[in-house]
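What follows is a single structure, and I will ask about it in a moment.
The values are calculated or read from the model by the stated rules, or taken from the named source; none is laboratory data. Just so it is clear, the model here is predicted, and its values are computed rather than measured. Glycine also receives a Cβ, built like all others from the backbone with ideal geometry; neighbour counts cover every protein chain displayed. Protein only, heavy atoms only, side chains kept; ligands, DNA and RNA dropped before computing areas. Shrake-Rupley method; radii C 1.70, N 1.55, O 1.52, S 1.80 Å.
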Amino acid sequence: MSQLLQARHLFSAEEYEMMGEILGEGARVELIEGEIVDMVPIGPRHQSYVNRLTDLFTYLWRGRAVVQVQGPVQLNDLSEVQPDIALLKKSVDEYENTHPGPLDILLVVEVSDTTLMRDLEKAKLYAKSGVNQCWIIDMNNRETIVMTNPTSDGYTTQRRVAANERLEDPIEPGKYFDSSNLFGPAT
């Protein structure tokens, strides 16, 4: 009997897409390694950070990249997630016919207020899928966790950048910007 309780049906990204009508347009879920997982509701502080990042990223990379906000990316056949922001390579069709995949992603960003451990786990999925760079904006500690060099086990390089330090441009290595722009006024 215990084997029956442990049996699971894993959904493919294609099946997950077809379930859109059943789940409803406003459903806050992601497909992670074949399982449909509820997303944490977005609070006002979190949304404020996402709005700030959207403005900044659009300013910094307008015309050089697509700034996708809380939209789907298909990491593999069993995972379709919605990062807070994905900085994408320019596309002729602007991703009209397919969701972006790992090779389209220049940078993926998760904003963390109460979800740091969950976001760090999600970063392992990004690395396993070959996403070159992941940032977690740790709102509480006012720092950015910068992860690079993906492997099947996670990112091999991880460093914390404080709000008063500089971040390297993910599109133009060797070019930097002030990371304090990612954060609002100190509370």
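Roughly how many Å is it from the Cα centre of region 34-75 to that of region 93-154, as a whole number?
Each part reduced to its Cα centre gives a spacing of 11 Å.
Roughly what angle does helix 116-129 make with the longest principal axis of the chain, taking Cα atoms, 0 to 90 degrees, to the nearest 10?
Once rounded, one gets 80 degrees.
How big is the chain along each principal axis, measuring the range of its Cα positions in Å and listing the largest first?
Over the chain, Cα extents along the principal axes are 56, 39, 33 Å.
While we're looking at this one, here's another question. Using only alpha carbon pairs under 8 Å that are at least six residues apart, calculate the relative contact order of the chain and give it in whole percent.
Relative CO of the chain lands at 14 percent.
Then there is this: For a test of the definition: using alpha carbon positions, the gyration tensor, and the 1.5 limit on a/c, classify region 106-171 as rounded, prolate or oblate.
Here region 106-171 falls in the oblate category.
What is the local net charge at Met147, summed over the other residues whose Cβ is closer than 14 Å to its Cβ (Lys, Arg +1; Asp, Glu -1)?
-2
According to a simple spin-label model (label point 7 Å from Cα along Cα-to-Cβ), what is the distance in nm between Arg159 and Glu35?
3.5
Also: Carbon and sulfur: what percent of the chain's accessible surface (1.4 Å probe)?
Carbon with sulfur: 50 percent of the solvent-accessible area.
Could I ask something else about it? Using just the helices of the chain, give the 222 nm mean residue ellipticity in deg cm²/dmol: DSSP H runs with n ≥ 4 each add -39,500 (n - 2.57), and the total is spread over all residues, rounded to 500.
Taken over the chain, the calculation gives -7000 deg cm²/dmol.
A further question on this structure: Residue by residue through region 91-106, which ³J(HN,Hα) values in whole Hz follow from phi under the Karplus form 6.51 cos²θ - 1.76 cosθ + 1.60 (θ = phi - 60°), with glycine and proline marked x?
These are the phi-based 3J(HN,Hα) values: 9, 4, 9, 6, 6, 6, 9, 7, 6, x, x, x, 6, 8, 8, 8 Hz.
Also: For region 156-162, in order, what is each residue's ³J(HN,Hα) by Karplus, 6.51 cos²θ - 1.76 cosθ + 1.60 with θ = phi - 60°, in whole Hz (x at glycine and Pro)?
Per residue, the Karplus-derived 3J(HN,Hα) values read 7, 10, 9, 9, 9, 10, 5 Hz.
Run the numbers for Thr54 and Lys175: contour at 0.36 nm per residue of separation, minus the present Cα-Cα distance, in nm.
Contour length minus the Cα-Cα distance gives 41.6 nm.
For the chain, with every protein chain kept in place, what is the accessible area per residue (1.4 Å probe, Å²)?
Per-residue accessible area for the chain comes out at 56 Å².
Taking Rh as the Kirkwood radius computed over C-alpha pairs, what is the Stokes-Einstein D of region 50-154 at 10 °C in a medium of viscosity 1.306 mPa s, expressed in µm² per second?
115
Local charge sum around Tyr95 (other residues, Cβ-Cβ under 12 Å, Lys/Arg +1, Asp/Glu -1)?
Charge balance in the 12 Å sphere: -2.
Still on this structure, please answer the following. Would you mind counting up the charge near Pro72? Only other residues with Cβ under 10 Å from its Cβ, with Lys and Arg at +1 and Asp and Glu at -1.
With Lys, Arg at +1 and Asp, Glu at -1, the neighbours total -3.
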